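Written out below as structure tokens is the structure these notes cover.
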Amino acid sequence: MTLVEAVVWIAMFTAAMLAIVSSVLYFYRTGNFAIQEATAISSAQRGMDLMVRTVREASYASNGAFPIVSISTSSMTFYADVDSDSAIERVHYYLTGTDLVKGIADPSGDPPVYPSGESTTSVSDSVRNLSQNLSLFSYYDKNGVQITDMTRFGDVRLVTINLVADIDPNRTPTTTVLRSSAALRNLVGR
């Protein structure tokens, strides 16, 4: 083998190895992003399921207060039994940054009194409703007419939830929008 043949062989071997390493790194990065995106969508689906189940169970508070406390496009506060005990908790779903958060306040005393604070947990991360300027909640009355005056929370009978999930909005695939709705079962017919 001559020196020229050895140099050519080393150059071809090096080029082939660089191509293989580059391909492996590309597939690793792409696969890692796909896994992160799938995790974000799965988190959003679990959060959506939890919200829908809880909103459907909205009921009168332990102290007799109306089931809905307040509504907005990115927040909803209402009463529901979320832990299957004898008390009805105050539940607060809201967006903060890219997190969907659930706050719960347990009543205490006789007659029951709800504290001003609440214990919070993150329901879903990588939520992009605020950056996409899309409402998380839409509200409808018993006739199916959308409620735009957020002071009319007593008329709410149906809640539509739109959840935008995306780990990185600057990369493809595009954002995923999950939609669901929940009728307030304890207010049907009222």
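Counting only strands (runs of 3 or more DSSP E) wholly contained in region 27-126, the ones carrying 1 or more residues that are touching an Asp or Glu at 6+ places or on another chain (Cβ under 7 Å) occupy 75-80, 89-96, 99-105, 119-124.
Can you tell which of ALA44, ALA34, ALA105 is closer than 29 Å to GLY154 by Cα, of a type in the set (A, V, I, L, M) and modelled with pLDDT under 85?
On the way: ALA34 fails: closer than 29 Å to GLY154 by Cα; ALA105 fails: modelled with pLDDT under 85.
So the residue among ALA44, ALA34, ALA105 that is closer than 29 Å to GLY154 by Cα, of a type in the set (A, V, I, L, M) and modelled with pLDDT under 85 is ALA44.
Residues in region 61-111 that are among the hydroxyl-bearing types (Ser, Thr, Tyr) and more than 22 Å from SER181 (Cβ to Cβ): SER62, SER84, SER86, THR96, THR98, SER108.
Given the condition closer than 21 Å to ILE71 by Cα and surrounded by 19 or more Cβ atoms within 10 Å (Cβ to Cβ), answer yes or no: does some residue in region 181-190 qualify? Yes, region 181-190 contains at least one residue that is closer than 21 Å to ILE71 by Cα and surrounded by 19 or more Cβ atoms within 10 Å (Cβ to Cβ).
Got at least one residue in region 123-130 being acidic (Asp, Glu) and either more than 30 Å from THR174 (Cα to Cα) or crowded, with 20+ Cβ neighbours inside 10 Å (or both)?
Within region 123-130, not a single residue is acidic (Asp, Glu) and either more than 30 Å from THR174 (Cα to Cα) or crowded, with 20+ Cβ neighbours inside 10 Å (or both).
Taken as a whole, the condition of being hydrophobic (A, V, I, L, M, F, W, C), in contact (Cβ under 8 Å) with a residue 12 or more places away in the chain, in contact with a strand residue (DSSP E or B) (Cβ under 7 Å, 6 or more places away or on another chain) and farther than 23 Å from SER119 by Cα applies to ALA40. Under 21 Å from TYR60 (Cα atoms) and of a type outside the set (A, V, I, L, M), is that true of ARG179? Spelling it out, it is not the case that ARG179 is under 21 Å from TYR60 (Cα atoms) and of a type outside the set (A, V, I, L, M).
To keep it simple, each residue is scored yes or no on (1) surrounded by fewer than 17 Cβ atoms within 10 Å (Cβ to Cβ); (2) among the β-branched types (Val, Ile, Thr); (3) over 17 Å from GLY47 (Cβ atoms).
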{"site": "TYR60", "(1), (2), (3)": "yes, no, yes"}
{"site": "GLU89", "(1), (2), (3)": "no, no, yes"}
{"site": "LYS102", "(1), (2), (3)": "no, no, no"}
{"site": "VAL113", "(1), (2), (3)": "yes, yes, yes"}
{"site": "GLN132", "(1), (2), (3)": "yes, no, no"}
{"site": "ASN143", "(1), (2), (3)": "yes, no, yes"}
{"site": "ASP149", "(1), (2), (3)": "yes, no, yes"}
{"site": "ASP166", "(1), (2), (3)": "no, no, no"}
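Assess whether SER74 counts as being surrounded by 15 or more Cβ atoms within 10 Å (Cβ to Cβ) and within 12 Å of the chain's Cα centre (by Cα). Answer is yes for this residue.
Scoring TYR79 on the criteria (1) within 21 Å of GLY117 (Cβ to Cβ); (2) surrounded by fewer than 20 Cβ atoms within 10 Å (Cβ to Cβ); (3) of a type in the set (Phe, Trp, Tyr) leaves a single failure, condition (2). Within region 55-102, the residues that satisfy the criterion of being over 24 Å from TYR140 (Cβ atoms) and in contact (Cβ under 8 Å) with a residue 24 or more places away in the chain are SER62, ASN63, ALA87, GLY97, THR98, ASP99.
The values are calculated or read from the model by the stated rules, or taken from the named source; none is laboratory data. The shown structure was predicted, so the numbers you read here are calculated from the model rather than taken from an experiment. Cβ coordinates were reconstructed from backbone atoms using ideal geometry, including for glycine residues, and neighbour counts include every protein chain displayed.
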